[in-house]
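The values are calculated or read from the model by the stated rules, or taken from the named source; none is laboratory data. Small disclaimer: the values here were computed from a predicted structure and weren't measured. When we count neighbours, we look across all protein chains shown, and the Cβ atoms used for this are built from the backbone with ideal geometry, even at glycine. Just the protein is used for accessible areas: all its heavy atoms, side chains included, with ligands, DNA and RNA removed. Shrake-Rupley method; radii C 1.70, N 1.55, O 1.52, S 1.80 Å.
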Amino acid sequence: MSQVSRWERTVNALADLRSRITSGAWAPGFTMRSSDLEDRYGLHPEGVLHIVKTLRAEGLIETRSGVGSRVVGASGPVWVDPCESTAMEVVERAVRSRIRDGTYAPGTQIPSVSVLGEEFGVHRVTAAVALRPIKREGLLAYVSGRGTFVSEPGRQRTAP
(Lines give C-alpha, C1' and ligand atoms only; values in the text may rest on other atoms or scores of the structure.)
Protein backbone atom coordinates (compact mmCIF):
# COMPACT_ATOMS: atom_id res chain seq x y z
CA MET A 1 0.00 0.00 0.00
CA SER A 2 1.55 3.30 -1.04
CA GLN A 3 1.56 6.31 1.22
CA VAL A 4 -0.12 9.46 -0.11
CA SER A 5 2.20 12.46 -0.02
CA ARG A 6 1.28 15.76 1.62
CA TRP A 7 1.02 17.38 -1.79
CA GLU A 8 -1.32 14.66 -3.11
CA ARG A 9 -3.57 15.04 -0.05
CA THR A 10 -3.64 18.81 -0.62
CA VAL A 11 -4.48 18.45 -4.32
CA ASN A 12 -7.18 15.85 -3.59
CA ALA A 13 -8.68 17.99 -0.82
CA LEU A 14 -8.69 21.06 -3.09
CA ALA A 15 -10.51 19.11 -5.81
CA ASP A 16 -13.06 17.78 -3.31
CA LEU A 17 -13.69 21.22 -1.79
CA ARG A 18 -14.01 22.85 -5.21
CA SER A 19 -16.51 20.15 -6.21
CA ARG A 20 -18.57 20.56 -3.02
CA ILE A 21 -18.74 24.33 -3.49
CA THR A 22 -19.50 24.39 -7.22
CA SER A 23 -22.09 21.59 -6.96
CA GLY A 24 -23.94 23.45 -4.23
CA ALA A 25 -23.33 20.72 -1.64
CA TRP A 26 -21.82 23.51 0.45
CA ALA A 27 -24.17 26.46 0.10
CA PRO A 28 -23.20 30.13 0.25
CA GLY A 29 -22.44 31.05 3.83
CA PHE A 30 -21.16 27.59 4.77
CA THR A 31 -18.19 28.24 7.07
CA MET A 32 -14.98 26.21 7.25
CA ARG A 33 -12.22 26.61 9.81
CA SER A 34 -8.62 25.70 9.07
CA SER A 35 -8.54 23.18 11.90
CA ASP A 36 -11.64 21.48 10.48
CA LEU A 37 -9.97 21.14 7.08
CA GLU A 38 -6.79 19.82 8.69
CA ASP A 39 -8.79 17.16 10.55
CA ARG A 40 -11.18 16.28 7.71
CA TYR A 41 -8.49 15.80 5.07
CA GLY A 42 -5.44 14.99 7.20
CA LEU A 43 -3.69 18.12 5.97
CA HIS A 44 -0.69 20.04 7.21
CA PRO A 45 -1.37 23.75 7.94
CA GLU A 46 0.64 24.72 4.85
CA GLY A 47 -1.68 22.59 2.71
CA VAL A 48 -4.74 24.31 4.18
CA LEU A 49 -3.17 27.71 3.50
CA HIS A 50 -2.56 26.73 -0.14
CA ILE A 51 -6.18 25.55 -0.51
CA VAL A 52 -7.63 28.69 1.06
CA LYS A 53 -5.49 30.95 -1.12
CA THR A 54 -6.48 29.02 -4.25
CA LEU A 55 -10.21 28.96 -3.52
CA ARG A 56 -10.15 32.64 -2.55
CA ALA A 57 -8.34 33.53 -5.79
CA GLU A 58 -11.01 31.59 -7.71
CA GLY A 59 -13.70 33.64 -5.96
CA LEU A 60 -15.28 30.59 -4.33
CA ILE A 61 -14.61 31.57 -0.72
CA GLU A 62 -13.83 34.58 1.40
CA THR A 63 -11.96 34.57 4.69
CA ARG A 64 -12.13 36.48 7.93
CA SER A 65 -9.40 36.28 10.52
CA GLY A 66 -10.46 34.41 13.62
CA VAL A 67 -13.65 33.13 12.02
CA GLY A 68 -12.70 30.98 9.05
CA SER A 69 -13.61 30.79 5.39
CA ARG A 70 -17.09 31.01 3.91
CA VAL A 71 -18.50 29.87 0.61
CA VAL A 72 -19.38 32.86 -1.58
CA GLY A 73 -22.69 32.78 -3.44
CA ALA A 74 -23.55 33.99 -6.92
CA SER A 75 -24.55 37.32 -5.42
CA GLY A 76 -21.03 37.89 -4.12
CA PRO A 77 -19.45 38.00 -0.68
CA VAL A 78 -21.67 37.21 2.27
CA TRP A 79 -19.46 39.02 4.79
CA VAL A 80 -20.49 42.51 3.87
CA ASP A 81 -20.61 43.99 7.34
CA PRO A 82 -20.50 47.75 7.83
CA CYS A 83 -19.48 47.29 11.46
CA GLU A 84 -16.41 45.14 10.66
CA SER A 85 -16.09 43.86 14.23
CA THR A 86 -13.02 41.98 15.34
CA ALA A 87 -13.38 38.42 16.61
CA MET A 88 -12.63 39.65 20.15
CA GLU A 89 -15.40 42.25 19.93
CA VAL A 90 -17.88 39.61 18.77
CA VAL A 91 -17.04 37.33 21.71
CA GLU A 92 -17.09 40.22 24.20
CA ARG A 93 -20.48 41.49 22.95
CA ALA A 94 -21.99 37.99 23.06
CA VAL A 95 -20.81 37.34 26.63
CA ARG A 96 -22.05 40.77 27.78
CA SER A 97 -25.41 40.09 26.11
CA ARG A 98 -25.69 36.70 27.81
CA ILE A 99 -24.94 38.26 31.20
CA ARG A 100 -27.50 41.02 30.55
CA ASP A 101 -30.28 38.65 29.43
CA GLY A 102 -29.65 36.15 32.23
CA THR A 103 -28.32 33.33 30.07
CA TYR A 104 -25.26 33.60 32.31
CA ALA A 105 -26.89 34.29 35.68
CA PRO A 106 -25.07 35.79 38.67
CA GLY A 107 -23.03 33.18 40.51
CA THR A 108 -22.93 30.74 37.58
CA GLN A 109 -19.86 29.60 35.75
CA ILE A 110 -19.53 30.66 32.14
CA PRO A 111 -18.09 28.27 29.52
CA SER A 112 -14.31 27.92 29.49
CA VAL A 113 -12.29 29.97 27.02
CA SER A 114 -11.72 26.76 25.05
CA VAL A 115 -15.47 26.20 24.73
CA LEU A 116 -16.07 29.87 23.84
CA GLY A 117 -13.28 29.64 21.28
CA GLU A 118 -14.91 26.62 19.67
CA GLU A 119 -18.32 28.29 19.66
CA PHE A 120 -17.06 31.46 17.98
CA GLY A 121 -14.41 29.84 15.80
CA VAL A 122 -11.52 31.63 17.49
CA HIS A 123 -8.44 30.57 19.40
CA ARG A 124 -8.92 30.20 23.16
CA VAL A 125 -6.45 33.05 23.72
CA THR A 126 -8.67 35.35 21.65
CA ALA A 127 -11.64 34.35 23.80
CA ALA A 128 -9.60 34.97 26.97
CA VAL A 129 -8.54 38.43 25.79
CA ALA A 130 -12.18 39.23 24.95
CA LEU A 131 -13.16 38.53 28.57
CA ARG A 132 -10.56 40.90 30.08
CA PRO A 133 -12.60 44.13 29.88
CA ILE A 134 -15.63 42.35 31.33
CA LYS A 135 -13.50 41.08 34.22
CA ARG A 136 -12.00 44.56 34.77
CA GLU A 137 -15.53 45.94 35.11
CA GLY A 138 -16.25 43.29 37.72
CA LEU A 139 -19.01 41.56 35.77
CA LEU A 140 -16.93 38.37 35.72
CA ALA A 141 -14.58 36.92 38.30
CA TYR A 142 -11.95 34.24 37.77
CA VAL A 143 -11.59 31.65 40.53
CA SER A 144 -8.26 29.83 40.30
CA GLY A 145 -8.71 26.17 39.52
CA ARG A 146 -12.47 26.50 39.06
CA GLY A 147 -13.16 28.87 36.17
CA THR A 148 -14.85 32.17 35.43
CA PHE A 149 -18.10 33.12 37.12
CA VAL A 150 -20.67 35.88 36.70
CA SER A 151 -20.32 38.25 39.64
CA GLU A 152 -23.18 38.81 42.05
CA PRO A 153 -24.82 42.24 41.54
CA GLY A 154 -23.41 43.69 44.79
CA ARG A 155 -19.87 42.77 43.74
CA GLN A 156 -19.92 44.41 40.31
CA ARG A 157 -17.97 47.62 39.87
CA THR A 158 -19.80 50.69 38.71
CA ALA A 159 -18.46 52.90 35.97
CA PRO A 160 -16.62 56.02 37.20
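In whole percents, the pair-distance distribution calculated for segment 12-73 from its alpha-carbon pairs, binned every 5 Å from zero, is 4, 20, 34, 29, 12, 1. Pick out which of Ser97, Ser19, Ser144 has the largest mean-square fluctuation in a Gaussian network model of the chain, springs linking Cα atoms closer than 10 Å. With Cα springs under 10 Å in the chain, the top fluctuation among Ser97, Ser19, Ser144 is at Ser144. Taking the 0 to 90 degree range and rounding to the nearest ten, how far is the long axis of helix 6-23 tilted relative to the main principal axis of the chain, both from C-alpha atoms? Value to nearest ten degrees: 80. Quick one: if the Förster radius is 45 Å, what FRET efficiency do Val4 and Arg100 give, using the C-beta to C-beta distance and rounding to 0.05? Here the calculated transfer efficiency is 0.35.
A simple spin-label model places the labels of Asn12 and Glu137 5.0 nm from each other, with each point 7 Å out along Cα-to-Cβ.
When the solvent-accessible area of the chain is split by element, carbon and sulfur atoms take up 53 percent of it, the probe being 1.4 Å.
Normalised by the number of residues in segment 100-149, the mean separation of alpha-carbon contacts (under 8 Å, six or more apart) gives a relative contact order of 36 percent. Result for the chain in a Gaussian network model with C-alpha springs under 10 Å: among Ser23, Ser114, Ser34, the largest mean-square fluctuation is at Ser23.
The mean accessible area for residues of the chain, using a 1.4 Å probe and ignoring ligands and nucleic acids, is 62 Å² per residue.
Nearest 500 deg cm²/dmol is fine: what mean residue ellipticity at 222 nm does the chain get from its DSSP H runs of n ≥ 4 alone, each adding -39,500 (n - 2.57), divided by its residue count? The helix contribution divided over the chain gives -14500 deg cm²/dmol.
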